[in-house]
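I have placed the structure first, in the form of structure tokens, so that the comments after it can refer back to it.
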Amino acid sequence: MTKLPPLDVSSPWHDGERAVRRRVGVEQQMEPLGTRAIINSLLRPHRAHYEQLTYAVFGTVDDDGDPWATVMAGRAGFLNAPDATHLHVGEHLQRGDPAGAGWKAGAHVAVLGIDLLKRRRIRANGQFEEITPAGATLRVQQSFGNCPQYIQSRGVAFSRDPAASWEGPVTVAAELNDAMRSFIESADTFFVASYTDQQGDGARAVDVSHRGGKPGFVRVVGGRLSIPDFSGNRYFNTLGNFIHVARAGLVFLDFTSGDLLQLTGDVTIDFDGGAEHGFSGAERVWHVDVRRCVFRPGVLPLRFTSGEPAPTSLATGSWATTPSRQDGTVVY
């Protein structure tokens, strides 16, 4: 088992998150919320939440410093919290998963325990203490709940045994092809991994978060994704991380087939982009210039049914009715 440094119990906010909040004028009201909303252990209801899940989203960082997001599945209980500061993952990443490069003892990791049907999500981050044939154990360093905004409700069922090895093809590419662009442009949901190397005393912290909107809310032009940033909890964990490390790892799911498309690339933030693009509901727009792609058809052993779209998503616009600005100007 890897010996990890003591937990930092000071403010959970780092300078990147503060910089974004300062930019949008909410720094003072958000600062005192940190130590109340973000804690260094799993509350008992949060532990119970993780243990009933059949899927979860993880974020890791590879040896090149690129973040990756992935989705894992298992029978209820594959996530187990034996105590308030540990989470055990009782499944292994499937073949070809680029997130595996950061799946090792001592590495920093993020987990999003999301129940799409109930629109409930709990985020945590920490470090892997141990990787064994029985799974992985991470020590929790931060944990907090999120609101249900922009989550499309979906029921779920297994299409095969989640413990069975997946033997499908793996496509690795340096740029998007037309099929990948169509995949992204039809999505109403994706997950994004980001990180900072300036958390507290300079330690790394990884985050993985949900993003949702109407189908097509992510625009693709060539190798660039443009993503509207809607009103949220004002924590700015993702955008704050981008201030420090302007890289993102995204995973898109085909909920009917189990296909996963994973991307990593470089980020720019257009803080005035919501107004400039005229995208209803967007306060900003951020862009990802894709450098690497991994596509694995049918890798996820789950099939989802669509329920009600989130009311917050229905209140937003679409790129089809939005005059676009192509330059992706960044204003920090």
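The values are calculated or read from the model by the stated rules, or taken from the named source; none is laboratory data. Predicted model only: the values in this text are computed from it and were never measured. Cβ sites come from the backbone with ideal geometry, for glycine too, and all protein chains shown count toward neighbours.
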Step by step: first the residues of region 250-271, then only those that are surrounded by fewer than 22 Cβ atoms within 10 Å (Cβ to Cβ) and part of a loop (DSSP other than H, G, I, E, B), then the one that is modelled with the lowest pLDDT. Which residue is that? F271
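Scan region 263-274 for residues that are of a type outside the set (A, V, I, L, M) and under 13 Å from L225 (Cα atoms) and jot them down. Can you show your working first?
Going through region 263-274, the residues of a type outside the set (A, V, I, L, M) turn out to be 264-266, 268, 270-274.
Listed by number, the residues that qualify are T264, G265, D266, T268, D270.
Modelled with pLDDT under 95, part of a strand (DSSP E or B) and of a type outside the set (S, T, N, Q): is that true of E283 in this structure?
Judged against the criteria, E283 is a match.
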Filtering strands (runs of 3 or more DSSP E) wholly in region 169-249 for at least 1 residues that are surrounded by fewer than 21 Cβ atoms within 10 Å (Cβ to Cβ) and basic (K, R) gives 203-212, 224-230
Those residues of region 303-318 which are surrounded by 19 or more Cβ atoms within 10 Å (Cβ to Cβ), hydrophobic (A, V, I, L, M, F, W, C) and outside any loop (DSSP other than H, G, I, E, B) amount to F304
Neighbours by Cβ (under 7 Å, 6+ apart or cross-chain): first from region 215-231, on the phi > 0 side of the Ramachandran plot; second of a type in the set (D, E): G216/E185
So which of V331, V299, V294, V290 is of a type outside the set (K, R) and modelled with pLDDT under 85? V331
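Is it the case that some residue within region 11-26 is within 25 Å of H244 (Cβ to Cβ), assigned to a helix (DSSP H, G or I), without any contact (Cβ under 8 Å) to a residue 40 or more places away in the chain and more than 17 Å from the chain's Cα centre (by Cα)? Don't jump to the end; show me each part of the working.
Pass one, region 11-26, residues within 25 Å of H244 (Cβ to Cβ): 11-26.
Add one more test, that the residue is assigned to a helix (DSSP H, G or I), and what stays is 15-24.
When the remaining residues are screened for being without any contact (Cβ under 8 Å) to a residue 40 or more places away in the chain, the result is 22.
From what is left, the residues that are more than 17 Å from the chain's Cα centre (by Cα) are 22.
Scanning region 11-26, I find at least one residue that is within 25 Å of H244 (Cβ to Cβ), assigned to a helix (DSSP H, G or I), without any contact (Cβ under 8 Å) to a residue 40 or more places away in the chain and more than 17 Å from the chain's Cα centre (by Cα), so the answer is yes.
When you go through D201, D272, D259, D266 one by one, which is the residue that is without any contact (Cβ under 8 Å) to a residue 40 or more places away in the chain and either closer than 22 Å to R18 by Cα or touching a Pro at 6+ places or on another chain (Cβ under 6 Å) (or both)?
Working: D201 fails: without any contact (Cβ under 8 Å) to a residue 40 or more places away in the chain; D272 fails: without any contact (Cβ under 8 Å) to a residue 40 or more places away in the chain; D259 fails: without any contact (Cβ under 8 Å) to a residue 40 or more places away in the chain.
One residue alone meets the criteria, D266.
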Here is a list of conditions, (1) touching a Leu at 6+ places or on another chain (Cβ under 7 Å); (2) within 25 Å of H49 (Cα to Cα), and G135 meets all of them except one; can you say which number that is? (1)
Write out, first by first residue and then by second, each pair whose Cβ atoms fall under 9 Å of each other, whose residues are 6+ apart or on separate chains, and whose first residue, in region 119-138, is over 19 Å from F191 (Cβ atoms) while the second is in a strand (DSSP E or B) and among the acidic types (D, E). T137/E129; T137/E130
Taking region 1-23 and keeping residues modelled with pLDDT of 90 or more and surrounded by fewer than 19 Cβ atoms within 10 Å (Cβ to Cβ) leaves D15, R18, A19, R22, R23
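Out of H92, H49, which single residue is of a type outside the set (G, A, S) and free of Cβ contacts under 8 Å to residues at least 60 places away in the same chain? Show your work before the answer.
Values: H49 fails: free of Cβ contacts under 8 Å to residues at least 60 places away in the same chain.
Answer to the check: H92.
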Residue list for region 42-86, filter: buried (at least 18 other Cβ atoms within 10 Å of the Cβ), among the hydroxyl-bearing types (S, T, Y) and in a loop (DSSP other than H, G, I, E, B): T54
